[in-house]
Amino acid sequence: MTIPNIVGAGLIVIGAGLGIGRIGGQAMEAIARQPEASGKIQTAMLIAAALIEGIGFAALFAA
Amino acid sequence: MRNSFFSKKIVAVIFLIAGFVSAQNHEGEEVETGAHDLKTEIKEYIDHHLLDSHDFNLYSYTTDTGEHKYVGFPLPVILWDNGLKVFSSSKLKHGEGVAEVDGSYYKLYHNKIYKTDAEGTINYGGHHGEETHTEDAFGENLVVDDSHPTNEKPLDFSITKNVVFIIAVALLMFLVFRSMAKRYQKSTMPKGLGRFLEPLVLFVRDEIAIPNIGEHKYKRYMSYLLTVFFFVWIINLLGLTPLGVNVTNNIAVTFALAIITYFITTFTGNKNYWKHIFWMPGVPVPMKIILAPIELLGTFIKPFSLMIRLYANITAGHVVLMSIIGLMFIFKNWIGSPLSFLLAFALSLLELLVAALQAYIFTMLSALYFGMAVEEDHH
Amino acid sequence: MEKLIEQFSFGLFFWQMLLFIALLLLLRKYAWKPILGAVEKREEGIKDALEAAEAAKKEMQNVTADSEKLLREAKVERDALLKEAREIKESIIAEAKEQAQVEGDKVIKQAQATIEAEKKAAVADIKAQVANLSVEIAEKVIKEELSNKDKQLKLVDDMLGDIKLN
């Protein structure tokens, strides 16, 4: 592992972490606002998080 | 919870044994390179753990006389090399011997089988022997062995450890669900294990299939969704046991699962699905031409991300878990060991969740893709 | 990425495909179809039972409503009957009273008429007797008065004097 690789991986992790964190936070806010829709929100949250995760992993392998 | 606790202990014990063993095993090399410290050893052990194996070993040890003993049993090796060749993996002697079959010689090197001459010579391309010492980002010395054997590789269809576990899980699933199905013939109420499994089956149907595919078309996909959900889940859970198999951290396995999802999506896609890919309705013509290749690429990226996600999550979980257990052997003091133990314990609880979550997400996204493929035109 | 491709084991892929598809087909035939079928059948059964219960409940409600209606009708009828009876009774009493009044009046009138007639007869009788008595008295008086001449002349004079005065 060289320095650019490590920095790149770090950036990817920061990006993906921010993205997933935002999704989770917004989902919680949404659930707090509409507890009756929590099932749908959770599903959408997981899908969105999974998509970001997928991109993140793809980038990690490229790095 | 209890099981995981014990399993981690057992893994730790096995790790300990294996660590000592491999330390002695590599003694000869150490003289050569002089760089086999504990860290490298742990890294090697983790790498080894993540790989498939041609033998079914529970653990190995070295006798007082320096003899290397493996506890486990050999598995059949099946090669296609100008004809089918089947022999026991005990002939390969864990990479220490050369197997002679019908006048051809094979040797195991870094978990891959190569064709060799009678002496088992591995020819290396690149820089064998002159392992390049480079400095990594932290200024530490790294030993990089970038030698690549140039020997011919026969097509390897061996029943490896992972294949054994795939067979075992398949058999287990078949027996459990067959007996569950039989119970339903007697009464419509589930009994025994069915009481636990039926809610899961209903979960896949009501929470995954129906919302994503739709009330009318979900039935066609239920078999695949249920099979893949339970298969991935059970095999992920088995990866957490001290047996130390990680089937889903083989890219080949996740690739196979993803490609089935891809084929089902492609072959059940209706006119509307293809129209959305090649001639997106509701956008101007130049945009349609730009969108078509992007959408087409998207159909490949979707199963590709499925493959990478499952592989990477399980691999990452195992690497982190094993590294934290490895910390115990590096710190070797009263703070490090309990800390590493607690961390490993918490992490294995998390891994239990991840095992189920990844199965859920794989199934869920597959269902989502199927739903896209059969969606009716709303315009 | 290269590591991934290098790690890719065609044998494992082959076995995974083969075993997974075999498992999929076997489970589809021997497990998923019976299980999902049984679950669906049960759900259908529960749905049917619920619907039947709902229908029975409705029926029950109808029956209750019917009986209530009947009861109400019976009550109304009874009330009507009672009212009628009361009216009849009242009318009978009133009629009887009226009749009694009329009858009484008639009796009283008759009685009065009789009394009147009796009274008249009595008065007439008394008058006749008084007249007779008066005549007899008058005869006696006259007989006495007219027994001497003087007295007879005097009477004639008195009478003539009365007439003059008139």
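The values are calculated or read from the model by the stated rules, or taken from the named source; none is laboratory data. Model, not experiment: these values are computed from the prediction. Every residue, glycine among them, receives a Cβ derived from its backbone with ideal geometry; neighbour counts consider all protein chains shown. In case anyone asks, the SASA skips ligands and DNA or RNA and just uses the protein heavy atoms, side chains included. Shrake-Rupley method; radii C 1.70, N 1.55, O 1.52, S 1.80 Å.
Is there a simple number for the mean count of other chain Cβ atoms within 10 Å of the Cβ of residues in A:47-54, and what is it?
Numbers: counts 5, 0, 1, 12, 5, 0, 6, 12.
Mean shielding by partner chains, rounded to a whole number: 5.
For a modelled paramagnetic label at residue B:349, 7 Å from Cα along Cα-to-Cβ, the residues of the stretch B:314-342 in reach, with backbone nitrogen under 18 Å, are B:321-322, B:324-325, B:338-342.
Across the stretch B:161-374, the relative contact order, built from alpha-carbon pairs under 8 Å that are at least six residues apart, equals 30 percent. On association of chains B and C, roughly 3800 Å² of accessible area becomes buried (total for both chains; probe 1.4 Å).
Normalised by residue number, the volume inside the convex hull of the Cα atoms of the stretch B:165-273 is 127 Å³ per residue. FRET efficiency for the residue B:266 to residue B:117 pair, using the beta carbon distance and R₀ = 60 Å, is estimated at 0.85.
For chain C, what are the DSSP H helices with axial Cα length of 20 Å or more and mean Kyte-Doolittle hydropathy of at least 0.0? Result, helices passing both filters: C:10-27. Surface calculation, 1.4 Å probe, protein heavy atoms: residue C:162 sits at approximately 90 Å² accessible.
For the stretch A:16-62, the per residue solvent-accessible surface stands at 61 Å², with DNA, RNA and ligands left out and a 1.4 Å probe.
GNM remark for chain C: springs join alpha carbons under 10 Å apart, and the peak mean-square fluctuation among C:97, C:83, C:151 falls on C:151.
Taking the centroid of alpha carbons for each part, the stretch B:149-198 and the stretch B:290-358 are 24 Å apart. Normalised by the number of residues in chain A, the mean separation of alpha-carbon contacts (under 8 Å, six or more apart) gives a relative contact order of 51 percent.
What does the net charge come to around residue B:202 if you take all other residues with beta carbon closer than 13 Å to its beta carbon, with K and R at +1 and D and E at -1? Charge balance in the 13 Å sphere: -2.
Protection proxy ranking of B:332-339, C:68-75, by the mean of other Cβ atoms within 10 Å over each peptide's residues and highest first, is B:332-339, C:68-75. Considering only A:32, A:16, A:48, the mean-square fluctuation computed in a Gaussian network model of chain A, springs between alpha carbons under 10 angstrom, is largest for A:32.
Each of B:253, B:98, B:151 was scored by the projection of its Cα onto the charge dipole of the protein assembly as shown, and the greatest displacement toward the positive side belongs to B:253; charges sit on the C-beta of Lys, Arg, Asp and Glu.
Peptide B:163-175 has a mean shielding of 3, counted as Cβ atoms of other protein chains within 10 Å of each residue's Cβ. Label separation (residue C:121 vs residue B:185): 12.6 nm, computed from points 7 Å beyond Cα along the C-beta direction. Relative to the longest principal axis of the Cα atoms of chain A, the long axis of helix A:3-33 lies at roughly 0 degrees. Within the listed set C:101, C:152, C:112, the residue fluctuating most in the Gaussian network model of chain C (springs between alpha-carbon atoms under 10 angstrom) is C:152.
Which peptide among C:119-130, B:159-170 comes first, and what is the full order, when sorted by highest mean count of other Cβ atoms within 10 Å?
B:159-170, C:119-130
Note on residue C:57: accessible area approximately 120 square angstrom, rounded to 10, probe 1.4 Å, nucleic acids and ligands left out.
Of B:216, B:48, B:54, B:276, which has the most accessible area and how do the rest follow, probe 1.4 Å?
I get B:216, B:48, B:276, B:54, largest accessible area first.
For chain C, adding -39500 (n - 2.57) for each run of n ≥ 4 DSSP H residues and dividing by the number of residues yields -34000 deg cm²/dmol at 222 nm. For the pair residue B:84 and residue B:197, a Förster radius of 45 Å applied to the C-beta separation gives a FRET efficiency near 0.70, rounded to the nearest 0.05.
Taking only the C-alpha atoms of chain A, the Rg (one decimal) and the largest Cα-Cα distance, Dmax (whole number), read 14.7, 49 Å. For the stretch B:178-231, the solvent-accessible area of protein heavy atoms averages 50 Å² per residue (probe radius 1.4 Å; ligands and nucleic acids excluded).
Across the options B:338, B:166, B:284, the greatest Cα extent toward the positive end of the charge dipole of the stretch B:161-374 (unit charges at beta carbon of Lys, Arg, Asp, Glu) belongs to B:166.
Look at the stretch C:32-44: the mean tally of other chain Cβ atoms within 10 Å of its residues' Cβ atoms is 6. Largest accessible area first, the listed residues C:10, A:61 line up as C:10, A:61 when surface is computed with a 1.4 Å probe on the assembled protein chains. Annotation for residue B:102 and residue C:43: the two label points, set 7 Å from Cα along the Cα-Cβ direction, are 5.3 nm apart. Annotation for the stretch C:70-111 versus the stretch C:15-59: alpha-carbon center distance of 78 Å.
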